[in-house]
Structures are given as structure tokens and as C-alpha cells.
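The values are calculated or read from the model by the stated rules, or taken from the named source; none is laboratory data. The structure presented is a predicted model; accordingly, all values stated were derived computationally and were not measured. Quick reminder, even Gly has a Cβ in these numbers, built from the backbone with ideal geometry, and neighbours come from all protein chains shown. Please note that ligands, DNA and RNA were not included when accessible areas were found on the heavy atoms of the full protein model with its side chains. Shrake-Rupley method; radii C 1.70, N 1.55, O 1.52, S 1.80 Å.
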Amino acid sequence: MSDAAKFLDAHPPRLSPDEIKAVAEKVFGVTGDIQPLWGERDQNLLIRREADGDLILKIANEREAPETVDLHVSTLQHIAQTDPDLPVARLVPARNGEIIVNITSAEGSSHMAYLCTRLPGDTIASTALGETKKQTLQAAGALAGRATRALAGFYHPAVGNPLFWDVRHTEDLLDGAAGIKDTALRQQVLDLAGKTSELAATLLTLRAQAIHHDVNQSNTLVDPNNPTTPTGLIDFGDMLHGTVAQDVAVCATEMLFNSQDPLTDACAVISGYDSACELEAAEIDLLWDLMVARCVNGLLIGGARILHGIASPDSIDYEVQYGPVLEALLDIGRDRMRAEFRHACRFPPYCPPETYAAAAGTDIDASLLDRRHAVLGRHALLSYDRPLHTVRGEGVWLFDASGDRFLDAYNNVPHVGHCHPHVVRAQTRQARTLNTNTRYVYESVVEYAERLAGLLPGDLGVTLFVNSGSEANDVAQRMTHKLTGRSGNLIVDGAYHGVTSEIYALSPSMDWGHGEDVNARHPSHTRPDIGVLPVPDLLRAPDTKAMLAACEAESRETIQRLCDAGHPPGMFLFCSAFSSSGILDLPRDYISGIASQVQKDGGMVICDEVQYGFGRSGDEFWGFENYGVTPDAVTLGKPMANGLAIGAVVTTPDNVERFTKDSEFFSTFGGNPVACAAANAVLDVIERENLRENARTVGSYLRDRMRACADAIPGGSDVVAEVRGRGLFVGVEIVKDGETLTPDRDACSQIKNHLRNNHVLIGSDGFHANVLKIRPPMVFAREHADILVEAFGDAVEAVIRQR
């Protein structure tokens, strides 16, 4: 017989009432009314006393090793130090001062015994829960999780001893199947036992520690008048060194005895546990399997007890307990339970990483799309003809609800990669500690502002924090108008700067809208205080110098019109990527010339780095540096915190002093500790992983490969007119033919959607919506560029075939 199974045929000790009374009085010096309690392998007794509180006397099985009993008492001593308020028993020493004493029964068997306090309350098993059941089970789960936290640093040599209730030892219990009375259940248990034995290897990959391993309805005490308040956790006799997942599964399974709604009850227990001891995805995803394994073990152990004629006071029929729970688990199924457990813990839906495949995934659930339309509106933008139901991100990959992964070459918000571990850890740790606003003093916002100041040129060293790029541009506009006394606004044609009322008016790209229903009279075309500067179309210019000269002349005329209308330019706002204008590489002097003129005339230059900042251009850390512009302020957003909402205006100390001197500036959530922790972590990753250099080299490689790919395809030059951009911000102009260079919006859309259907994500933009927009996370590598280029070539060939 293995060590794990050595108790299967062991009866609990059978000391007589007189013997027990003698042990209590002579050894421990206590008297009272002694009553037997349930014990699977030990003899447990309740000593009721009129004063000083009731006690529990535990007499260990004669087969129990001394180190195991020492483990149990050491555990209680450890918890008394790590979590003194955790309601567990306190040890009562014997008359000789020892905690554990050795006794001998009248029959000559030797046992170890110890005494502890009896905790108040009734067991969950004996309490009518009624409408409080869900809350009670959540509280029980939280109590179990709290015990796990208290035991996190605990070590004892015996904690690794084998235990037959450990699902890693199922194979040692198979003989017990012969004692299962229901023949169909017996065969089912044997079939499942073969599968549960495979769990051991998986468990090796999960976090492990000392665990209680037996939080059940009889070991959890509650106030009978308020069952949602646990009053005690008892019986550490089954504890072992195992995975946290095993502890959760045991608790969830044991709380399902006599359950009328096993799924709801299990979710309540697991969500409670997670609230006290945060569960990891891999742990949640294995719970169904571990709960099934617990039932299998329980049934095999129950069968063994029957075969060996073992009984205890208030003996339990294991078949009656575990049989219905096992049936319910199998009926509900792994997939549904896994999804519901994740939902109960507010964890994103289950979606495992899959090996990359070019085959198209399943379409989005129509009901989810209908629900989205109902609550977000039918015109809420979606990127593709076949909407993508994303459930998880990792690095440069997005995963859909079917488990298929997509190469994300479009999202610049997860600047250092989806769910970068360093960023996630930073924001999680901060969220657990403090989140407030900038009316209070805290370190992270100061540190981040200092780091920004160190990365920006000149005396751009003071930051006004907001929540988005839109807000940043809105604040920048207010500041320029106040400080210059000028009300005019200069923007570049096709620009996008945000969604606030004023910034929408400075975003002419917003009028591209929804086709025939578009408002062609965007405010930028009608308001006398807004001047829209022309964008040179150098791709189609027969004479580049002449076009630039014409655009410069038109720019001067635009500025003069603002002055004539009483709105001299107080602000020149431009995005250094010229993203929504088509991702343009404009001549350095064209932009710097306009900027210099505005500043010379008394206006201010605001560089919108919301899309292009933080090293994306590769050559420089900020996009405006590529144009030799010295801005009066820089606005930031999107990539700052890798997806958390934060934005900023960075300007000079003098500008901030004059702006805020007689008009208060404050944003409730702007610069909050959690967002700043994430933003600091983003800067860490950019520096540690040398991501600006990565953007430069991989971006150059990507553009070269895309050009070569288009040139190698017969007819490719009649589809791809130009591949342009800097770093990891690439634009690809799609046309109807290589001579007229007529923009081809439909072909651009076809390529974008072809790529999506082959698991590569990009966007589109530009005046004619004919420019492919590629701006992947900064961790995009050459192997990812190769995947994109291969899919791009297939898409271009598909366009050619259909022409």
C-alpha cells in the first residue's frame, strides 16, 4: 500500500468515553460535557464547558506520523502570526506545557493528541441559508482564499507528505471502485480516473504552496443569524503542498453538496476565493477538471471505506454526496463552466493561444452584433466587413472568440505590445494600492512628468494631465488663445485631432463619415476662425517645386484670410505623422516654414504627437523632430499608458504659469496614479527593449519588402502606387492604375478585408480612403513583417484577378 493510501483501511481511534474523559482531565486539565464529532481518520471530540468556552480534542490515528500532527499545529501557529484576525482555532497547551501529547489507549494503541479552542457558529451544512446562499458561498470562498494568502510563506517538512485526497494520487485509489454500489457510476468513475491522472503534469506548471485543501460545508462555520459572516475555518488535517487551483476546486466541489443550482453556487465560491486570492487564467481554466477529479477521488475513497467496513460518528455516504455533483459537472461541461468561472472572476472570456494559421476564423456571433447595435448605435464604427470579436491580446497578436490569432499591424494604442507583462504588473500593483487625483501628492505623476521633461527638447518641462488626446488638444487650444490673445486656428487639410466640440471643428477628416449621409459642410470649411492649410500631393505632382510653391502661396493666403476676418492665428496644430491625411512624408521646410511664420507673428505651434510620439518614427523620439520644428507645446495621448486612458499637454513653465494664474486647471482622472504607473512602465519598456531602434530597422525592412513584393507581382504597380512613412508608421497608396494614379477606395478596402480574413489586421485612411494604414505595436519584429508582406502580396493578387 502506498503512503497516500495508508489510511484507506484505517479506522479512527476508538477511545472509550471514560478514556477520553481521563485524557481531558489528567493530560489537559479540562472538564466538561464530551460529545463525539465526525472524523474520517481521527477521533474528534467536543468538550462543552459552562465557562471559558468550548474546546475541541483531536486524537490522531495511530498510523499518523508525528511530523504530520506537528504540521497541523504549526499551521495554526503560523496563521496566528500572519493573519491574527483569520478565524481559526487557537491551541491550548497540556498541563505539562506541551501542545502535542502522546497517549495510549486501553487497547494498547499509541496516539498523539492536542487541544484547541472551539470557534463560534454553526457549520454551513447545518445552517438554513435561504436567500443568503449565494452571499454565504462567496464569503466561504473568500475565507478559503484568505487562508491561502496567510499560508503563502509557510513551510514545514511534512507539508509534502502524500495524502490520498490529493488528486495527484488517484491511481492509488482504483481498488476502491469495487465498493461503489451503483454499477454505472462505478464504470464512469473508472473511465474518468484514467483521465484525471493526466492532471499531474499540468499541475506542475501552476503556482503551489501549503493549502488547506478541505474547505467544505462542515469545516466552515457561520453565524446562524447572519450566514454571510464566516466565524471559523476548522480542520487542517488534509492540508498539503499543492496548487492553489486544487484548493479552489476542493472548496467549490464540497460546497455543491445538495445544491439545486450547481453552476451558480460554484461561481459564487470561486468569485469569493478570487476576491481574496487573485486567481490566474490557467488556474481558472483547470477548475472544472479538478472538480471532476475531486468527485472521482471522493467516490473511490467512499468505495474503499465500504470495502474495509470503516465508519465514524455521523458517517457520510460519499456516493450520495459526490455522485450528484459529478453528474452536474458532466452535464454542464468543461467549456460552459470555464466561461462562467472566468465571468464570475471578471476575467476576459476563455481564448487559448493557437498556432498561427491562414484559414479564416468563424464570423462574429450575430446576437452579439445585434446587442452592440442596440446599445452603441448602428453607426458605431467597425474596422472590417466581417467584424472581429476580440477576446485577448498578447504582444503583436489579437485572439478572437474562436481561438484564432491575428497579427495586429494596426493598433498603436498598445504601444509596447498588447498586455506587456511589465506594464500590466505596474498598473495592477498601483491599482491595489492607491488611485486618486492630482489634488493630492504622490510619486508616480511627478516621476512621469520629470521623465517627459527629460525626453522633450528645450524648456518643454511642465505637464498638464488629462485623459485623452482629444482633451489634450482642447486644453492646448484654450491655452494658445489665452496666451496669444488670438482666436485663429490653423490646421492641415484632412487632419484628425479629437472629438470634443472645438477639436472636432479642427478635424476635417471627420466629415468623411458614412458615405451618402456625410455632412460635407464640416465646421472647418465654414468657420472664419479656422484656416485649413493645403497638403501637397507630391505623388501626383508633375512638378514638385511648382506644387510646393503653390501650396506655400495658398498657406499665406489662408493665414491672411484669418487676419482679415479678425482671427489672426493663435495656434498652428498639426500631427507630425499626417496620419489621416494619408501618412505623408512632407518636405521638412514646408512645415517648419509655416511653424516659424506663425510663431514670428505671435502665435503658438502645437505638435500633436498622439499617434506618432514615443519613438514610433524610429529616427527620432518625437515626430516633430523630423521636421525641425520647435513647438510651444506638445500634446500626447493614445500610446502613453498602453491602453489606459491618459493624455497630456507638455509646455514651458512660463506658459503654464500664465495659463493657470487666474483660471484654474484640473482634471479629475488626469494623471491618476494607476495611469501614471502604466505610463512610467511604457517608458521603461521602450528604453529596456530599445524599441525606437526596433521601429527604425523593422520599419525600413517592412517598407522595402512591401515595395519589392508589389514590384514582383505582374500588374502590382497598377495597384500599389507608393509605400511611404517612417519607422513603424507606414502608408500604402492604392490606385486604379499606375499612370493616372487615380485613388482606388474599393481596392484599398478589398485589400484590408482580404488581410483580415487571412489573420492580418491593418487599417485605411487618407482623403480618398485609399491609403493602407500600418502602425503595429512597437515590438513588431522582422518575422511579423514577413507574415504581413506575404498576406499583402496575396491580397494585391486578389485585387488584380478581380479587375
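For region 58-99, the average shadow cast by the Cα convex hull is 3.5 nm², which is a quarter of the hull's surface. Excluding ligands, DNA and RNA, the accessible surface per residue across the chain is 42 Å² with a 1.4 Å probe. The convex hull defined by the C-alpha atoms of region 475-631 has an orientation-averaged projected area of 9.6 nm². Measuring how big region 133-212 is from its alpha-carbon positions, Rg and Dmax come out at 16.5, 45 Å.
Per atom type, region 453-552 shows carbon and sulfur on 52% of its accessible surface, probed at 1.4 Å. In terms of packing, defined here as the mean over residues of other Cβ atoms within 10 angstrom, the peptides 686-696, 606-616, 46-56 line up highest first as 606-616, 686-696, 46-56.
DSSP loop (so not H, G, I, E, B), at most 13 other Cβ within 10 Å: list which trypsin sites (Lys or Arg not before Pro) in region 420-525 pass both filters. Here the trypsin sites (Lys or Arg not before Pro) that fit, given the DSSP loop and packing criteria, are R439, R521. Under the combined filter of DSSP loop state and at most 13 neighbouring Cβ atoms within 10 Å, region 114-161 retains these chymotrypsin sites (Phe, Trp or Tyr not before Pro): Y155.
Ordering A712, V424, H72 by Cα displacement along the dipole of the chain toward the positive end leaves A712 in first place; charges were set at the Cβ atoms of Lys, Arg (+1) and Asp, Glu (-1). Which value, in Å to one decimal place, does the Kirkwood hydrodynamic radius take for region 635-741 when every pair of different Cα atoms is included? By the Kirkwood definition, the hydrodynamic radius is 17.6 Å. The per residue volume of the convex hull around the alpha-carbon atoms of region 568-632 is 82 Å³. Taking each DSSP H run with n ≥ 4 as -39500 (n - 2.57) and averaging over every residue of the chain yields -12500 deg cm²/dmol at 222 nm. When the alpha carbon gyration tensor of region 1-113 is reduced to an equivalent ellipsoid, the three semi-axes, largest first, read 22, 20, 13 Å.
Relative to the longest principal axis of the Cα atoms of the chain, helix 244-254 runs at roughly 60 degrees.
Mind grabbing the base-10 log of I(q)/I(0) for region 205-344 at q = 0.16 Å⁻¹? Debye formula, identical points on the C-alpha positions, no solvent, two decimal places. The calculated log intensity ratios at q = 0.16 Å⁻¹ are -0.88. Projected over all directions and averaged, the alpha-carbon convex hull of region 57-174 occupies 10.7 nm².
If one takes the longest principal axis of the Cα atoms in the chain, at what angle in degrees, from 0 to 90 and to the nearest 10, does the Cα axis of helix 183-196 lie? Long axis of 183-196 versus the principal axis of the chain: about 50 degrees. Sorting the Cα pairs of region 558-677 by distance into bins of 5 Å, from 0 upward, gives 2, 10, 17, 20, 19, 16, 10, 5, 1, 0 percent per bin. Working from Cα positions, state the angle (0 to 90°, nearest 10) between the long axis of helix 745-757 and the longest principal axis of the chain. Relative to the chain, helix 745-757 is tipped by roughly 20 degrees.
Basic side chains Lys and Arg get +1 at the Cβ, acidic Asp and Glu get -1 at the Cβ, and with that the dipole of the chain about its Cα centre reaches some 1100 debye. Do you know the relative contact order of region 708-803, to the nearest whole percent, from alpha carbon pairs under 8 angstrom that are 6+ apart? Averaging sequence separation for qualifying contacts and normalising by length gives 28 percent for region 708-803. Computed over all pairs of different Cα atoms, the Kirkwood value for the hydrodynamic radius of region 186-248 is 14.1 Å. When restricted to Cα atoms, region 669-730 yields an Rg and a Dmax of 18.0, 55 Å, respectively.
The residues packed around A249, meaning those with a beta-carbon under 10 Å from its beta-carbon, carry a net charge of -3 if Lys and Arg are +1 and Asp and Glu are -1. The Cβ shell under 10 Å around H497 holds other residues with a net charge of -3, Lys and Arg each +1, Asp and Glu each -1.
First check a/c for region 378-533, with a ≥ b ≥ c the square roots of the eigenvalues of its C-alpha gyration tensor; if it is under 1.5, answer rounded, and if not, answer prolate when a/b is larger than b/c or oblate otherwise. Oblate shape, in that a/c is at least 1.5 and b/c is the bigger or equal ratio. Computed on the Cα trace of region 719-775, the radius of gyration divided by the Kirkwood hydrodynamic radius gives Rg/Rh = 0.96. Kirkwood radius for region 22-72, taken over all pairs of different Cα atoms as the inverse mean of 1/r, rounds to 12.0 Å.
Of the chymotrypsin sites (Phe, Trp or Tyr not before Pro) in region 650-725, the ones in a loop by DSSP (not H, G, I, E or B) with at most 13 other beta carbons within 10 Å are F666. Looking at the square roots a ≥ b ≥ c of the eigenvalues of the Cα gyration tensor of region 629-698, which shape do they give, rounded for a/c under 1.5, prolate if a/b is larger than b/c, or oblate? Judged from the Cα gyration tensor, region 629-698 comes out oblate (a/c at least 1.5, b/c at or above a/b).
P(r) tail for the chain: Cα pairs beyond 42 Å make up 48% of the total.
When the solvent-accessible area of region 585-708 is split by element, carbon and sulfur atoms take up 43 percent of it, the probe being 1.4 Å.
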